[in-house]
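A.B. asks: Attaching a single structure in structure tokens format; questions to follow.
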Amino acid sequence: MARDACTRLGLGYVEAPPYSQRTIELGVAIAPEFVCFPMKVLLGSAIEALEAGADTLVTVAGYGACRFNYFAEIQRRILEREGYRFGMVVFDSPRDSFGDFYHNVRIVQRAAGRHLPSLIKSMVLAVRKGWAYDEIDKYAIAIRALELEKGATERAIADCREILTGAWKNTEIEEARRAIKARFDEVPIDRDRPHIRVGITGEIMMSMEPFFNCDIENWLAKKGAVIERSLYMSDLFTPMGRNPVAGRDDEEIGLTAAPYLCHEIGGHGQINVAAAAGFARRGFDAVLHFFPFTCLPEIIAKMVFTRISSELDVPILSISIDEQTGRAGMQTRLEALIDLAWNKRAKKDEARDLAAAGT
Amino acid sequence: MKVGVPRALLYHHYGECWTSFLETLGVEPVLSAATSNDTVVTGTVYSDNETCLPVKVFTGHLLELKESSDAILVPRVVSQYPGMKACPKYLGLPDMARSFDESLPPVLAPVMDLGDRRGRWAREWHDLARDLGADTDRASAAVKGLVGGLQKAARAKPPAPRTDDERDITIGVAGHLYNVYDTRASLGLLDRITAMGARVTTVEEVPRRFIRRQLNTLPRKIRWDFENRMVGAALHWSRTASVSGVIYVSSFACGPGSMIGALIEDELGEERAVPLMTIILDEHSGEGGLITRIEAFLDMIKWASRARRGAPASKAVQP
């Protein structure tokens, strides 16, 4: 999405290399000891981008009480101490300070040499394209476990990404979205295959990025899990609290989370509590919760999850991720959760069959 | 009717206002005892292993009140100052409290949003007062007392530094009140420093206007209120050279603390005016490490000041 926006605006951009062990090591080496894992990774990523020749870092500051709000400033200080020279544009949420937001927009506008309306239009289109990207993910994780032919989903993903890369205008993007939906409808699936339903929640970077969560989506699909995720990147950039990809708005989130978490707590805390409660009420067999070590909002969510889990009778596994996380330890815990979910599923099916036989 | 008030976290800021609110209603406030080893152990067992020390201490206090009270007051503090935000932990505290133990008495969680100049949050306290069985007049009086008390506390002049103290070393301790004033959580940090022959000054002794002046020099605003004051105070001490050393006290896994700790380190490190030591507290009760570190810090300051005055420092080195 960011790449798309830059291309539209004619700004030169440097893409940070994909996350790797080196990114983590670079970040961990110079980050303060107790900042949370995504910040260490972002720091490493920023170094890699600067090494690749970037001269300006564009970043967003979190909205709300989460410490991400102050991270950009710390990041700038650390990098400057390390001897990097660069400019930095930090976007605050317009809800916090519209003045600062506008000031930053003007900086970008000058760099791009464009009028404000055309700039806004470009950004809106970039966000829309982001929705479409996330929808590819959303469709893929829902059907991967049920595909008849191995690899059919992967091929569909590749096709869809290609369709979308060529879409620039609003009509083209809309058309691409329709094409993506049609392409996924074509993937042959076996609806009667026994499967479990798993909801994934958690801090966005940890729950989305396959590098950090050990490619959880593919792994779960192999175990026969149909997945639904609570957070998508482009939803965060959509104003007014509508989340078109996940399909909920903020008011609804507040209502769903209500008996368990009655206030917005920064980060994605409330969204995740709402999602977990929603998954549980809709009869999901298990909920997975990924969060970075010492993340503030997610720890509150985790404590609240114990109550959701016992009251709504759903297994919830919280996994804390940091630079020490190993694949094997995580998989053992996941396997236990999956077994539990299959057992629950079997019991539920049995009860349903009994009820059907009784009538 | 007895309402429990855990002696932890923001009790150290607003506790008196909360208990007097309850007393005005004719409800007996039950305070948990001062933090003991048992409190910390219970808290550590029951709360999540990744939370910060103050939340674990809070959990200990909360569970202590389980038997002795009919309800527990855990106000949801949304903001402590206009334009500021609270740490996510304060925001989710009542919800966390409800999920610890099913047999816990009901948790009363009125919102307290001091950032709202129109004081709309007072309505929730009024409703709470009515729920606790007070009539309208009494409820209004209690809410008025609460709001008045909080305003008075916000406007109160900082305690004047003592002038009769002869000791020439002053240590500025920048840390949360719930850590610094909890003798168990901080392992008696303040008393230990005093016993080792230094004067202690804390964040609330620095007037708000000095803090504001220092904060204006920062390129980006900090949005947590007390953290703001800690940074402002540390900068004030450093730039006016009013202390001989700064100790920054934080707790393990403190979110805002990890950010402003890095900030203070960076600023003070560049200015090189006063030495800085960071102490991170956790639930362990070993005091030896803390004592050694404070001693070393104070010794360093003493030698540095003697060296500056040209006196031989060698006498102090040998025991």
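A.B. asks: If you take the residues in segment B:261-298 that are touching a helix residue (DSSP H, G or I) at 6+ places or on another chain (Cβ under 7 Å) and among the hydroxyl-bearing types (Ser, Thr, Tyr), which one is nearest to A:Arg67 (Cα to Cα)?
C.D. replies: This residue is B:Thr278.
A.B. asks: Give segment A:295-350 a look and list any residue that's over 18 Å from B:Thr51 (Cβ atoms) and outside any helix (DSSP H, G or I), or say none.
C.D. replies: A:Asp313, A:Val314, A:Pro315, A:Leu317, A:Glu323, A:Gln324, A:Thr325, A:Gly326
A.B. asks: Starting from segment A:335-354, keep only residues that are in contact (Cβ under 8 Å) with a residue 24 or more places away in the chain, then list their pairs with residues that are part of a helix (DSSP H, G or I) and hydrophobic (A, V, I, L, M, F, W, C) whose Cβ atoms are within a distance under 9 Å, requiring at least 6 positions of separation or different chains.
C.D. replies: If the second residue must be part of a helix (DSSP H, G or I) and hydrophobic (A, V, I, L, M, F, W, C), the pairs left are A:Ile338/A:Leu220.
A.B. asks: From B:Gly133, B:Gly145, B:Gly175, grab the single residue that is of a type in the set (Gly, Ala, Ser) and closer than 15 Å to B:Cys17 by Cβ.
C.D. replies: Going through B:Gly133, B:Gly145, B:Gly175 in turn, the sole match is B:Gly145.
A.B. asks: Right, next: Could you list, ordered by first residue, the pairs with Cβ atoms under 6 Å in which the first is in segment A:29-51 and within 14 Å of chain B (Cβ to nearest Cβ) and the second is surrounded by fewer than 19 Cβ atoms within 10 Å (Cβ to Cβ) and in a helix (DSSP H, G or I), at least 6 apart or interchain?
C.D. replies: A:Lys40/A:Val28
A.B. asks: I'd like the residue in segment B:80-102 that is of a type outside the set (Ser, Thr, Tyr), part of a loop (DSSP other than H, G, I, E, B) and closer than 22 Å to B:His176 by Cβ and, out of all such residues, is farthest from the other protein chains (Cβ to nearest Cβ).
C.D. replies: B:Pro82
A.B. asks: Would you pick out the residues in segment A:286-317 that are facing chain B (nearest Cβ under 9 Å), of a type outside the set (Val, Ile, Thr), more than 20 Å from B:Cys87 (Cβ to Cβ) and in contact with a Phe, Trp or Tyr (Cβ under 8 Å, 6 or more places away or on another chain)?
C.D. replies: Selection gives A:Arg307 alone.
A.B. asks: Just one of (1) within 14 Å of chain A (Cβ to nearest Cβ); (2) at pLDDT below 90 trips up B:Ile279, so point out which.
C.D. replies: Failing condition for B:Ile279: (2).
To keep it simple, each residue is scored yes or no on (1) surrounded by 17 or more Cβ atoms within 10 Å (Cβ to Cβ); (2) under 22 Å from B:Phe226 (Cβ atoms); (3) β-branched (Val, Ile, Thr).
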| site | (1), (2), (3) |
| --- | --- |
| B:Val78 | yes, yes, yes |
| B:Met84 | yes, yes, no |
| B:Pro88 | yes, yes, no |
| B:Ser103 | no, no, no |
| B:Pro106 | no, no, no |
| B:Leu132 | yes, no, no |
| B:Thr136 | no, no, yes |
| B:Ser140 | no, no, no |
| B:Leu146 | yes, yes, no |
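A.B. asks: What number of residues within segment A:148-184 satisfy the criterion of being aromatic (Phe, Trp, Tyr) and in a helix (DSSP H, G or I)?
C.D. replies: Matching residues across segment A:148-184 total 1.
A.B. asks: Yes or no: segment B:20-31 includes at least one residue that is surrounded by 15 or more Cβ atoms within 10 Å (Cβ to Cβ), polar (S, T, N, Q) and under 18 Å from the mean Cα position of the chain (by Cα).
C.D. replies: Looking through segment B:20-31, none of the residues is surrounded by 15 or more Cβ atoms within 10 Å (Cβ to Cβ), polar (S, T, N, Q) and under 18 Å from the mean Cα position of the chain (by Cα).
A.B. asks: A further question follows. As an exercise: evaluate B:Val30 against (1) of a type in the set (A, V, I, L, M); (2) free of Cβ contacts under 8 Å to residues at least 60 places away in the same chain; (3) within 14 Å of another protein chain (Cβ to nearest Cβ) and give the number of the one condition it does not meet.
C.D. replies: (3)
A.B. asks: Exactly one of (1) out of contact with any Pro (no Cβ under 8 Å at 6 or more places or on another chain); (2) within 18 Å of B:Tyr14 (Cα to Cα); (3) surrounded by fewer than 21 Cβ atoms within 10 Å (Cβ to Cβ); (4) of a type in the set (D, E, K, R) is unmet by B:Arg117. Its number?
C.D. replies: For B:Arg117, the exception is condition (1).
A.B. asks: Here is a check on your reading of the model: is B:Leu298 under 28 Å from B:Leu10 (Cβ atoms) and assigned by TED's automatic domain parsing to the domain that holds B:Ala174?
C.D. replies: no
A.B. asks: Next up: How many of the residues making up segment A:260-285 are more than 9 Å from chain B (Cβ to nearest Cβ) and in a loop (DSSP other than H, G, I, E, B)?
C.D. replies: Matching residues across segment A:260-285 total 5.
A.B. asks: Being exposed (fewer than 14 other Cβ atoms within 10 Å of the Cβ) and out of contact with any Ser or Thr (no Cβ under 8 Å at 6 or more places or on another chain) is the requirement here; does B:Gly286 meet it?
C.D. replies: yes
A.B. asks: Here's another thing I want to ask about it. When you check B:Gly269 against the structure, is it crowded, with 24+ Cβ neighbours inside 10 Å, small (Gly, Ala, Ser), assigned to a helix (DSSP H, G or I) and within 11 Å of chain A (Cβ to nearest Cβ), yes or no?
C.D. replies: no
A.B. asks: Within segment B:209-228, take every residue that is over 17 Å from B:His176 (Cβ atoms), at pLDDT 85 or above and charged (D, E, K, R) and give me the one that is surrounded by the fewest Cβ atoms within 10 Å (Cβ to Cβ).
C.D. replies: Per the criteria, the residue is B:Arg209.
A.B. asks: For B:Val231, state whether it is touching a residue at least 24 places away in the same chain (Cβ under 8 Å), surrounded by 16 or more Cβ atoms within 10 Å (Cβ to Cβ), assigned by TED's automatic domain parsing to the domain that holds B:Ile301 and under 22 Å from B:Ile169 (Cβ atoms).
C.D. replies: No: the conditions fail for B:Val231.
A.B. asks: In addition: Looking only at segment B:36-51, count every residue that is more than 10 Å from every other protein chain (Cβ to nearest Cβ) and either closer than 22 Å to B:Gly188 by Cα or part of a loop (DSSP other than H, G, I, E, B) (or both) and tell me the total.
C.D. replies: Of the residues in segment B:36-51, 9 are more than 10 Å from every other protein chain (Cβ to nearest Cβ) and either closer than 22 Å to B:Gly188 by Cα or part of a loop (DSSP other than H, G, I, E, B) (or both).
A.B. asks: Looking at (1) closer than 28 Å to A:Tyr133 by Cα; (2) modelled with pLDDT of 85 or more; (3) among the β-branched types (Val, Ile, Thr), which is the only condition A:Thr306 fails?
C.D. replies: It fails just one condition, (1).
A.B. asks: Another question about this same structure. Please work out which residue is farthest from the other protein chains (Cβ to nearest Cβ), limiting yourself to segment B:206-238 and to residues that are among the charged types (D, E, K, R) and within 19 Å of B:Ser250 (Cβ to Cβ).
C.D. replies: Filtering segment B:206-238 for residues that are among the charged types (D, E, K, R) and within 19 Å of B:Ser250 (Cβ to Cβ), the one farthest from the other protein chains (Cβ to nearest Cβ) comes out as B:Arg229.
A.B. asks: Next question. Looking at B:Val3, B:Val77, B:Val55, which one is in a strand (DSSP E or B), in contact with a helix residue (DSSP H, G or I) (Cβ under 8 Å, 6 or more places away or on another chain) and within 13 Å of chain A (Cβ to nearest Cβ)?
C.D. replies: B:Val77
A.B. asks: In segment A:185-214, what residues are in a loop (DSSP other than H, G, I, E, B) and more than 16 Å from A:Lys150 (Cβ to Cβ)?
C.D. replies: Listed by number, the residues that qualify are A:Arg191, A:Asp192, A:Pro194, A:Glu203, A:Glu209, A:Pro210, A:Phe211, A:Phe212, A:Asn213, A:Cys214.
A.B. asks: Name the helices (runs of 4 or more DSSP H) wholly within segment B:136-237 that hold at least 3 residues that are closer than 30 Å to A:Phe91 by Cβ?
C.D. replies: Because the criterion is at least 3 residues that are closer than 30 Å to A:Phe91 by Cβ, the helices (runs of 4 or more DSSP H) in segment B:136-237 that meet it are B:208-215.
The values are calculated or read from the model by the stated rules, or taken from the named source; none is laboratory data. Predicted, not measured: the structure shown is a model, and the values here were computed from it. All Cβ positions, glycine included, derive from the backbone under ideal geometry; neighbour counts span all protein chains shown.
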